[in-house]
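The block underneath contains the structure these notes are about, expressed in structure tokens.
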Amino acid sequence: MRVTVITPPSPVITFDEAKVHLRARHDTEDDLIEMYVAAATSHIDGPDGWLGRAIGVQTLEVRLNSFACTDIRLPYPEVISVSSVKYLDSAGDEQTMAPEAYEQFGSIIAPAHGTGWPTARYSREAVRIRYQAGYEDVPEAIRAAILLMTGDLYKQRETFVTGTISSAIPMSTSVENLLAPFRVYA
């Protein structure tokens, strides 16, 4: 299974929110602040993120070699809706399933009652399920964690702190504690 981001989410934290949080008074670092917000967000969001979930509303596509025997769990919740289910038939032609041919139960999709999945050609990424996932209202704890991470990047511009002992800068305990309830372990 492979998941790709088709449409990335809009920023969860606005530039103005970040600038106020950082108490930044000059415009000379605006690009740097935007980069830090994007870096903090991408570190935890989506298919490559630490949380194992979609944060901002985005379009994802899961690609499978074949249909499962029964239910298919869509990764990276919160699943909002399924846009399309496409597959290659035995002749190699792309087919699109009618929306009434499958049912969605949260992050699970299954064939409609009394039916089964169609026969798909068994080949690499023969089945493609496109769906929207993410929070329409991002929880405040996640927003706060992104602001804290942005602040850490802004204040510690190097990967090591040097003093009497050099040490790497890990994700802060505060950030981990804010994010822990939202983390998905696959």
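For the range 48-60, the condition of being free of Cβ contacts under 8 Å to residues at least 40 places away in the same chain, under 14 Å from Val5 (Cα atoms) and part of a loop (DSSP other than H, G, I, E, B) holds for at least one residue.
For the range 66-88, what are the residues that are of a type outside the set (Lys, Arg), touching a strand residue (DSSP E or B) at 6+ places or on another chain (Cβ under 7 Å) and over 28 Å from Ala180 (Cβ atoms)? The answer is Ser66, Phe67, Thr70, Val82, Ser83, Ser84, Val85, Tyr87, Leu88. Within the range 1-50, which residues are out of contact with any Lys or Arg (no Cβ under 9 Å at 6 or more places or on another chain) and polar (S, T, N, Q)? Within the range 1-50, Thr7, Ser10, Thr14, Thr28, Thr41, Ser42 qualify.
Summed over the range 9-28, residues that are surrounded by 13 or more Cβ atoms within 10 Å (Cβ to Cβ) and either closer than 23 Å to Val82 by Cα or in contact with a Ser or Thr (Cβ under 6 Å, 6 or more places away or on another chain) (or both) total 4. Pairs meeting the criteria (first residue in the range 93-115 and in the same structural domain as Ile129 (by TED's automatic domain parsing), second residue assigned to a helix (DSSP H, G or I), beta carbons under 6 Å, at least 6 apart or on different chains) are Ala112/Ala101.
In a residue-by-residue description of the range 5-26, the property of being closer than 30 Å to Glu176 by Cβ, touching an Asp or Glu at 6+ places or on another chain (Cβ under 7 Å), assigned to a strand (DSSP E or B) and modelled with pLDDT of 95 or more applies to at least one position.
The set of residues in the range 89-126 being hydrophobic (A, V, I, L, M, F, W, C) and out of contact with any strand residue (DSSP E or B) (no Cβ under 6 Å at 6 or more places or on another chain) consists of Ala91, Ala98, Ala101, Phe105. Among the residues of the range 29-81, those that are of a type in the set (Phe, Trp, Tyr) and either exposed (fewer than 14 other Cβ atoms within 10 Å of the Cβ) or farther than 15 Å from Ala133 by Cβ (or both) comprise Tyr36, Trp50, Phe67. Can you find a residue in the range 77-99 that is at pLDDT below 95, closer than 30 Å to Thr14 by Cα and part of a loop (DSSP other than H, G, I, E, B)? The answer is yes; a qualifying residue exists. Is the range 110-131 home to any residue that is charged (D, E, K, R), in contact with a Phe, Trp or Tyr (Cβ under 8 Å, 6 or more places away or on another chain), under 30 Å from Ser174 (Cα atoms) and surrounded by 13 or more Cβ atoms within 10 Å (Cβ to Cβ)? Within the range 110-131, not a single residue is charged (D, E, K, R), in contact with a Phe, Trp or Tyr (Cβ under 8 Å, 6 or more places away or on another chain), under 30 Å from Ser174 (Cα atoms) and surrounded by 13 or more Cβ atoms within 10 Å (Cβ to Cβ).
The values are calculated or read from the model by the stated rules, or taken from the named source; none is laboratory data. Only a predicted model underlies this, so the values are computations on that prediction, with no experimental measurement involved. Cβ coordinates were reconstructed from backbone atoms using ideal geometry, including for glycine residues, and neighbour counts include every protein chain displayed.
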